[in-house]
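Note sheet for the following structure.
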Amino acid sequence: MTSSFWVILITILAYGLVHSLLASLQAKALARRWFGMNTQRWFRLGYNLVAVITLLPVLLLPVLLPDRMLYRIPLPWLLLSLAGQVAALMTVLIGLRHTGTGEFLGLRQLLAPGETTPPRLVTGGLYRIVRHPIYTCGLAFIWLMPLMSFNLLALNIGLTVYIWIGAALEERKLHSEFGEAYAAYKRRTPMVIPGLQLLRRR
């Protein structure tokens, strides 16, 4: 492996660690203690903005650092990989509609703070297949890249670890919020890989 590979991998893992900590219940409680209860209006949107802005330099590393190509997907398989990526992006949009795009982005909390709706556990639609369909589609998108270099491989491995750990941490928050309802949902629905529960029962 090249030195660029390890730089990118360590950087993306550090990014994931920081943002997982910022998304934790402890970070939200600390923000409320420091800035008051009004924090919940802007916390989600602020977190998303920080996540995107700090991810941009990480995504530039594979372009700026020395690299070597591993493979390119030839035709006609190239069309299949691109179609899979498009399908993954469209499925992400469907998943956001299930949970509420405005709430996911943090816009609803900021623009309509008086509208307090009780949290709901979404188990229908895509969430009937996996508990985290957006993460599933994210993994599908990055691993269906039509070309792969050492730098992109490092980025993909780091993002995969980050997504998996992020899903596990989110599971803890959801279990704390919904209790036995989420535990029952968890028993019958795989976390990220569709069909995994059925394989385990055989």
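The values are calculated or read from the model by the stated rules, or taken from the named source; none is laboratory data. Worth saying up front: this structure is predicted, and the values here are computed from it rather than measured. Counting neighbours? That spans all protein chains shown, and the Cβs are built from the backbone with ideal geometry, glycine included.
Points worth noting:
- The residue list L174, L147 contains one member that is at pLDDT below 90 and either crowded, with 17+ Cβ neighbours inside 10 Å or closer than 21 Å to L55 by Cβ (or both), which is L174.
- Of everything listed in (1) in contact (Cβ under 8 Å) with a residue 24 or more places away in the chain; (2) outside any helix (DSSP H, G or I); (3) not charged (D, E, K, R), the single unmet condition for S81 is (2).
- Of the listed requirements (1) of a type outside the set (V, I, T); (2) touching a strand residue (DSSP E or B) at 6+ places or on another chain (Cβ under 6 Å); (3) exposed (fewer than 12 other Cβ atoms within 10 Å of the Cβ), D67 misses just one: (3).
- Scanning segment 70-87 for residues that are loosely packed, with under 13 Cβ neighbours inside 10 Å and within 20 Å of the chain's Cα centre (by Cα) turns up just one, V86.
- Of the residues screened, Q109 is one that is touching a helix residue (DSSP H, G or I) at 6+ places or on another chain (Cβ under 8 Å), part of a helix (DSSP H, G or I), at pLDDT below 95 and not aromatic (F, W, Y).
- Residue identified as at pLDDT 90 or above and among the charged types (D, E, K, R) among R41, R128, R97: R128
- Condition met for F5 (modelled with pLDDT under 80 and among the aromatic types (F, W, Y)): no
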